[in-house]
Amino acid sequence: MAGVRFKNVTKRYGKVLAVNGFSLDIADKEFLVLVGPSGSGKSTALRLLAGLEEINEGNIYIGDRLINNVPAKDRGIAMVFQSYALYPHMTVFQNMAFGLSLRKTPKDEIKTRVEKAADILDITELLKRKPRQLSGGQRQRVALGRAIVRKPDVFLLDEPLSNLDAKLRVQTRAGLSKLHQRLGTTFVYVTHDQVEAMTMATRIAVMDQGIIQQVGKPQELYNRPDNAFVAGFIGSPAMNFFEASVTNGPQGMKLDMDTFSVPVPKDRLSALNPFLKKKITFGMRPEHIHNREFLPPGCEADGDCITASPVKAKVEVTELMGNEIFLHLVAGDKSFLARVDPRTSAKPGQDIEVVFNMDNMHAFDPETGQAIHTQKEKGQGEGKEKVEKSIDLPS
Amino acid sequence: MPAFLFVTVFLIYPVIDTLRISFFNRNSTEFIGLDNYEYVFTNSTAQSALLNNVLWLVLFTVLAVGLGLLFAVLSGRVRYEAMAKAAVFIPMAISFVAAAVIWRFMYAYAPEGFTQIGLINAAGTGVGLEPIAWLVEHPLPYTDVTLPGPLHTNNFALVAVGVWMWTGFAMVILSAGLKGISTDILEAARVDGAGEWQIFRRIILPVLSPTIAVVATTLVIQALKKFDMVWVMTAGNFETDVVATLMFKQMFNFSDFGRAAALAVVLLAAILPIMLISIRRFRAQEET
Amino acid sequence: MKTIKGKLFIGLVLIAVVGLLVTACPTALPANLSVSNLSVTPVEVEAGQAVTITVTASNTGEEEGTFNIPLEIDGDTEETKSVTIAADDSTQVSFTVIRPEGGTYTVDIFNLSGSFEVTGEIGVVNVLGVWGGTELENFQAMIAPWETETGNAMGFSGTRDLIAILTTRVAAGNPPDVAILPNPGQMITLAADGELVDLSSFLDMTAINAQYAQGWIDLGTTNPLTGIFMKAASKGTVWYNPKFFDAMGYVVPTTWDEMITLSDQMVADGVAPWSVAVESGAASGWPATDWIGEIFLHESGGDVYDQWVNHEIPWTDPAVKSAFEKFGQIVLTPGYVPGGAIGALATNFVNGSWLPYTDPPGAAMYYLGSFTEGFIAAQFPGLVPGEDYAFFPFPTIDPQFAGAVTGAADVVVAFNDNPATRSFIEYLASAEAQQIWAEIGGFISVNSNVSLDAYTELAALSAEQLTGATIFRFDADDQMPPAVQSAFWAGILEYLQTPGDLDGILADIEAIAAAQG
Ligand SMILES: Nc1ncnc2c1ncn2[C@@H]1O[C@H](COP(=O)(O)OP(=O)(O)O)[C@@H](O)[C@H]1O
Ligand SMILES: [Mg+2]
């Protein structure tokens, strides 16, 4: 049982900086998910931890031990590969027993440990089969089993679900979370799928271009993304971004998007003040844009919880999801997506009035992409009660 | 139907006819039963040829596969992989005659006190060793120890040329096989705690074994029908005959068709099961 | 139609006008040609032989003129000659014509005509032999005059696999016209099968008997005469370095015992007496079998030699064993041969010939046929034959066989009887032809009309030895059935490796020889 610490770790492949000044503390028993688009350096970071690649700069610790030069086999880790990497010439049992037999574990202990792991993963009947006689899901479980029997201090998983079909992926997600609780071991999990990150992680590290963009609990990342990249990456469907001018009018401070404008809530005034008469990037998640006819519970009246003025927009496309509807809207030259009440009946081509829940607005410096937080938000605080309530985790 | 006819005319008929001739005397005029087979298994020259073939079978195959595997593994790790591989593969690509010229030069011998033009003897005498007539002598080099049967220096020298020529083939095929092994499973084994040698022993070797079998089968058949190299280098003299060269001699030098046929039958009998096994293995592989 | 006719008409008119103008031009007494006295010689000729056609051309005009005189044969212009003749003069104009095919040909020169008759036909004489490279070039040089003279041509196929190819072609009914065989063995077989042409049927036998020693004629006679020998070579030649012998005070031995005494003395002087080299690829061993044959002939004589070659005595006969052992004495006596038996086995027969001529000599003597001269000359182009390198005749073992010599000669046989082949064989047998190659070198004729002056110093030595031989025998192993020859080669290699097994080795060869039936 151990935590993991990356300290300023850098890995280069020729001129490519695959991992750049990567620092991250992973607590013991944490389920940390490294998420980011493909090519962002997630796998490289994981492989550096596994000892499959050499570190160019910086240090990695497992527990208190500096492991930069410790060979993979002595790091107390087990890894599940995207391809599962089962040994094709060995049976499931042999696959799972391989690591133990290399460590000269007594035969009967191997047997009990493999059988126990098989039991947990429900693959007992498969023990005598060869990998090619297994389905994708079964292989995935064997790969997990092979990692489990080793009783590692840290579990490393590199996109273990990406070769499964959608339904199995959802099931396995739950299974993995359960397994994490059951084993009580540190998990470091790599995925490009933010849904997996959001659903399984105790903490998420978002990576882009070899650099950690933000680390935090799923809610924190969702509510207070540190920059436009994280804001756009976390959450599904992705946040809408508008280029907006901060103006002061008779009704107070506004975000002006030429064809329409929205008022700035009071608690943001001080944060946005420095940007008066300048441009900002204004972010609004689709779930915080409502059909004016069907406001969410507790927000029935204008000005109650919605600090907004209605925006007229034309419906371009509607996507019916059952419990909700995605509307692709255009207002002037701005298109954006809204996630609205399923009772909405607007058809493509029709006009509709929507309101922006400005309490959930996001603002970013257009040059740096950094979030423009209020004083309160900049602190370590948990954020506003109200906001947290409205979190609607994507599934 | 044409295929059947083709097989009959070009395969079955010659085999049956060879079998028939092997029971007849030298010019196929008289039935002599198993006399030719008695010759094959009791005559000292024939026995020595059979034993030499066994030596080829074992030593040539093991060394060519072993070195091929070694080069395949090592060449994957060096910087100039293509160049390293080409160097090992070139012997395979050049004509046998060119190879024979090269190796006769390598093995060339001059009596002690004379200038050694042979590379090996030049090096050997350079460090004070006596020159060795590599293609002639029987005792182990630089000793008076003469091992029995096929374990003669000149046989080893010939096998070495064979290995030199065929290692490239083994390497190329095995290297392709190695490339086909996903790096993931090697890394999985590393994480699982296997060292370099254990990865090789317990993962690479078993996963590669079908490829090794294919290469080994090819080489075994090569070894069994080995002719060119022996013929050009020693012409089977000095007890280096193998079954194929002896067969050739019986046929063309001694005009004994019966014995030549008997030798051919024995050769066929040795090759056939290997072919059948490899065909079956091939089929089994295709099915899965 | 009308317009074409019109144009034609205009054209004709134009021509007529121009013609009138030209003829109307005043030219007084122009050069004028007349021909007379057509002669065709000979009027009867063999195909390929030249026919000369001559005519007298006269200029009857008063000015010098140049005239074109066309020769027509069977109505087609064969050749046109241009002659310039002074006014009122005449000259002879001749043409040479060769016709490859038989028939009667008419000759026309202007108004004169004649004819000649050609008999037979020329063809290409197809020759099968083993030659290639320089040897073939020299042979072609020898044939060139015949080709020019007869208009015939030789087509030569050279192959190392002469016997196999010949056998196949004869069996297929497609033999060459002529084959040049490297030994008489195959000739005997082919003659017995009735495949060969009786050469005495057309050769001038008086001339042949005068030019060839009876021995050579006997060798070529299988009743009737089927082979003519040429390009002979002595194998009774021991190569040495005369200058080195002089410097060391060595005397050329004439008997085996003298040779052994000399060898021992050389060993005592720290000189290796012998170079022995028997490596020759798939044919390894043959140089040693030459040794054995030479020893055998000198020790047991021609009759026993024939019995051995014809397998009328077994290989286990003491005469055979003794010859092996005498050879063994040379190779196996410590100090005689550099590297001993292994050295002999591992050294190529060409390389072995160089040892007496290195500085200092690697060995003093080397036995191998007269062709060894070529190896030495190629390796040491600066050495003078006869002075720097020479051979002495293989020494006498039993005095009653003194002057015996083994050797080789190529024998010319014919499969097809036609004029061209006849003329080819006639030519080959002549001293005139053989002298050509003898002068180029690398060729010893057995035709005694070839002058010794045609040869180099060494070749003359050979020629002398061959013509003066009291007993001449063909190389023994070359005359044995191929199976026995192979066994002989392999046997001698085995003997050198395991001399103690001699009896067993001879018994093995005997078994193969006996099986040849
Ligand atoms: N072995 C390698 N050699 C060269 N470049 C590599 C290698 N592995 C990864 N990279 C590069 O490093 C960057 C990060 O890759 P990776 O860690 O695999 O990304 P991710 O897992 O986030 O998709 C990419 O640009 C990739 O092309
Ligand atoms: Mg990856």
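Dipole magnitude for the protein assembly as shown: computed about the Cα centre from +1 point charges on Lys and Arg Cβ and -1 point charges on Asp and Glu Cβ, it is near 11280 debye. Looking at the range C:278-401 from every direction and averaging, what is the projected area of its Cα convex hull in nm²? Quarter of the Cα hull surface area: 8.7 nm².
Evaluate the charge dipole of the range C:238-397 about its Cα centre and quote only its size in Debye, nearest 20, assuming +1 on the Cβ of each Lys and Arg and -1 on the Cβ of each Asp and Glu. Could the numbers behind the result be given before it?
Values: 3 positive and 18 negative charges, 70 e Å.
Using Cβ point charges on Lys, Arg, Asp and Glu, the range C:238-397 gives about 340 debye.
Take peptide B:233-241, look around each residue's Cβ out to 10 angstrom, count Cβ atoms belonging to other protein chains, and average those counts.
Numbers: counts 1, 4, 10, 3, 13, 9, 4, 0, 1.
Mean inter-chain Cβ contacts per residue within 10 Å come to 5.
Tell me the angle of helix C:502-515 to the major Cα principal axis of chain C, expressed in degrees between 0 and 90 and rounded to the nearest ten. That works out to roughly 40 degrees.
Counting Cβ atoms of other protein chains within 10 Å of each residue's Cβ and taking the mean over peptide C:276-283 gives 4. Among C:Thr406, C:Thr168, the sequence by solvent-accessible area, most first, with a 1.4 Å probe is C:Thr168, C:Thr406.
Starting from the residue with the highest accessible area, list A:Lys279, B:Lys226 in decreasing order, probe 1.4 Å.
On the way: A:Lys279 110, B:Lys226 5 Å².
Per-residue accessible area, sorted high to low, gives A:Lys279, B:Lys226.
In the range A:112-187, how many lysine pairs have Cα atoms under 21 Å apart, counting only pairs 8 or more places apart or on different chains? The result is 6. Every Cα-Cα pair of the range C:309-381 was included, and the share exceeding 19 Å stands at 47 percent.
Solvent-accessible area per residue in the protein assembly as shown equals 46 Å², computed with a 1.4 angstrom probe and all protein chains kept.
For the protein assembly as shown, the share of DSSP beta bridges that are antiparallel, to the nearest 5, is 75%.
Computed with a 1.4 Å probe over protein heavy atoms only, the accessible area of B:Thr183 comes to about 90 Å². If you sort A:Arg343, C:Arg160 by accessible surface, 1.4 Å probe, largest first, the order is C:Arg160, A:Arg343. For the range A:213-361, the fraction of C-alpha pairs farther apart than 24 angstrom is 32 percent.
Cross-link candidates for B:Lys249: which lysines have Cα within less than 17 Å, leaving aside residues fewer than 8 places away along the same chain? Qualifying lysines at Cα under 17 Å: B:Lys225, B:Lys226.
Restricting attention to the range A:4-232, close to 50% of DSSP beta bridges with both partner residues there are antiparallel.
List the aspartates and glutamates whose Cα lies under 16 Å from the Cα of A:Lys347, skipping any in the same chain that are fewer than 8 positions away. Partners within reach: A:Glu293, A:Glu316, A:Glu319, A:Glu324. Per-residue Karplus couplings for the range C:52-66, computed as 6.51 cos²θ - 1.76 cosθ + 1.60 with θ equal to phi - 60°, are listed in order as 9, 10, 10, 9, 9, 10, 10, 9, 8, x, 10, 10, 5, x, 10 Hz, Gly and Pro entered as x.
For the segment B:129-137, counting C-beta atoms of other chains within 10 Å of every residue's C-beta and taking the mean gives 4.
At 20 °C and 1.002 mPa s, grab the translational diffusion coefficient of the range C:407-501 from Stokes-Einstein with a Kirkwood Rh over Cα pairs, rounded to a whole number in µm² per second. Write out the running numbers ahead of the final one.
Working: Rh = 16.3 Å.
Translational D for this selection: 131 µm²/s.
Tell me the Kirkwood hydrodynamic radius of chain C in angstroms, computed as one over the mean inverse distance between distinct C-alpha pairs. Intermediate values should be presented prior to the final figure.
On the way: mean 1/r = 0.0365 Å⁻¹.
Computed over chain C, the radius equals 27.4 Å.
Comparing B:Pro139, B:Tyr37, B:Thr218 along the charge dipole axis of the range B:15-287, the residue lying farthest to the positive side is B:Thr218, per the Cβ-charge model. Among B:Ile94, B:Ile185, B:Ile21, the residue with the largest mean-square fluctuation in a Gaussian network model of chain B, with springs joining Cα atoms closer than 10 Å, is B:Ile185. Stokes-Einstein diffusion of the range C:347-471 at 20 °C, 1.002 mPa s viscosity, Kirkwood radius from Cα pairs, rounded to a whole number: 129 µm²/s. Based on alpha carbons, the Rg and Dmax found for the range A:4-232 are 17.5, 55 Å. Selection among C:Pro30, C:Val405, C:Thr189 by position relative to the dipole of chain C gives C:Pro30 as farthest towards the positive end (Cβ unit charges, Cα centre).
Backbone phi angles across the range A:243-255, fed through the Karplus curve with coefficients 6.51, -1.76 and 1.60 (θ = phi - 60°), yield HN-Hα couplings of 8, 9, 9, 8, 10, 10, x, x, 8, x, 6, 10, 9 Hz in residue order; Gly and Pro are listed as x.
Nothing charged except the Cβ atoms of Lys and Arg (+1) and of Asp and Glu (-1): what's the magnitude of the dipole of the range A:4-232 about its Cα centre? Round to the nearest 20 debye.
Values: 34 positive and 23 negative charges, 152 e Å.
Here the size comes out at about 740 debye.
Of all the options B:Asn36, B:Asn27, B:Asn52, the one that moves most in a Gaussian network model of chain B with Cα springs shorter than 10 angstrom is B:Asn27. In chain C, the longest principal axis of the Cα atoms and the axis of helix C:419-429 are about 50 degrees apart.
For C:Lys235, the lysines whose Cα comes closer than 18 Å to its Cα, not counting residues fewer than 8 places off in the same chain, are C:Lys326. Buried surface for the C/B pair, taken as the accessible area of each chain alone minus that of the pair with a 1.4 Å probe, is close to 1600 Å² in total.
Please compare each pair in A:Lys11/A:Lys42; A:Lys11/B:Lys179; A:Lys29/A:Lys107 to a cut-off of 23 Å on the Cα-Cα distance and tell me which ones are over it.
Violating the 23 Å Cα-Cα cut-off are A:Lys11/B:Lys179; A:Lys29/A:Lys107.
The equivalent ellipsoid of the protein assembly as shown has semi-axes of 97, 52, 28 Å, largest first, where each one is the square root of 5 times an eigenvalue of the Cα gyration tensor. How much of the DSSP bridge set in chain A is antiparallel, in percent, rounded to the nearest 5? Once the DSSP bridges in chain A are tallied, antiparallel ones form about 75 percent.
Please report, as a whole percent, how much of the solvent-accessible surface of the range A:4-232 comes from carbon and sulfur atoms (probe radius 1.4 Å).
C and S atoms contribute 47 percent here.
Could you please report the charge total around C:Gln265, scoring K, R as +1 and D, E as -1 over all other residues with beta-carbon less than 13 angstrom from its beta-carbon? Before the final figure, lay out each step's value.
Working: positive: none; negative: C:Asp257, C:Glu258, C:Asp264, C:Asp269.
Taking every Cβ under 13 Å from that of C:Gln265, the sum is -4.
Taking the inverse of the mean 1/r over every pair of distinct Cα atoms in the range B:95-249 gives a Kirkwood hydrodynamic radius of 18.3 Å. Annotation: Cα Rg of the range B:205-260 relative to the compact-globule expectation 2.2 N^0.38 Å equals 1.52.
Can you tally the net charge around C:Trp291? Count Lys and Arg as +1, Asp and Glu as -1, for every other residue whose Cβ sits under 13 Å from the Cβ of C:Trp291.
Details: positive: C:Lys235, C:Lys326; negative: C:Asp290, C:Glu294, C:Glu299, C:Glu325, C:Asp475, C:Asp477.
Within the 13 Å Cβ shell, the charges total -4.
Close amide H pairs (under 5 Å, H built 1.01 Å from N) link C:Ile444 with C:Lys231, C:Ala232, residues at least 5 positions away or on another chain. Between chain A and chain B, the total buried accessible area stands at approximately 1700 Å², from heavy atoms with a 1.4 Å probe. Overall, the accessible surface of the range B:15-287 at a probe of 1.4 angstrom is composed of carbon and sulfur to the extent of 68 percent. Each part gets one Cα centre, and for the range A:214-243 versus the range B:101-153 those centres are 79 Å apart. Above 36 angstrom, tally the Cα pairs of chain A and express them as a % of all pairs, no decimals. Of all Cα-Cα pairs in chain A, 36 percent lie more than 36 Å apart. Take the Cα of A:Lys312, go 7 Å toward its beta carbon, and the backbone nitrogen atoms of the range A:238-273 under 17 Å from that spot belong to A:257-262.
Spread over its residues, the convex hull of the C-alpha atoms of the range B:15-287 is 170 Å³ per residue.
The values are calculated or read from the model by the stated rules, or taken from the named source; none is laboratory data. What you see is a predicted model; the values in this text were computed from it and never measured. With ideal geometry, Cβ positions are generated from the backbone for all residues, glycine too; neighbour counts draw on all protein chains shown. Heads up: the accessible areas ignore ligands, DNA and RNA and are worked out on the full protein's heavy atoms, side chains in. Shrake-Rupley method; radii C 1.70, N 1.55, O 1.52, S 1.80 Å.
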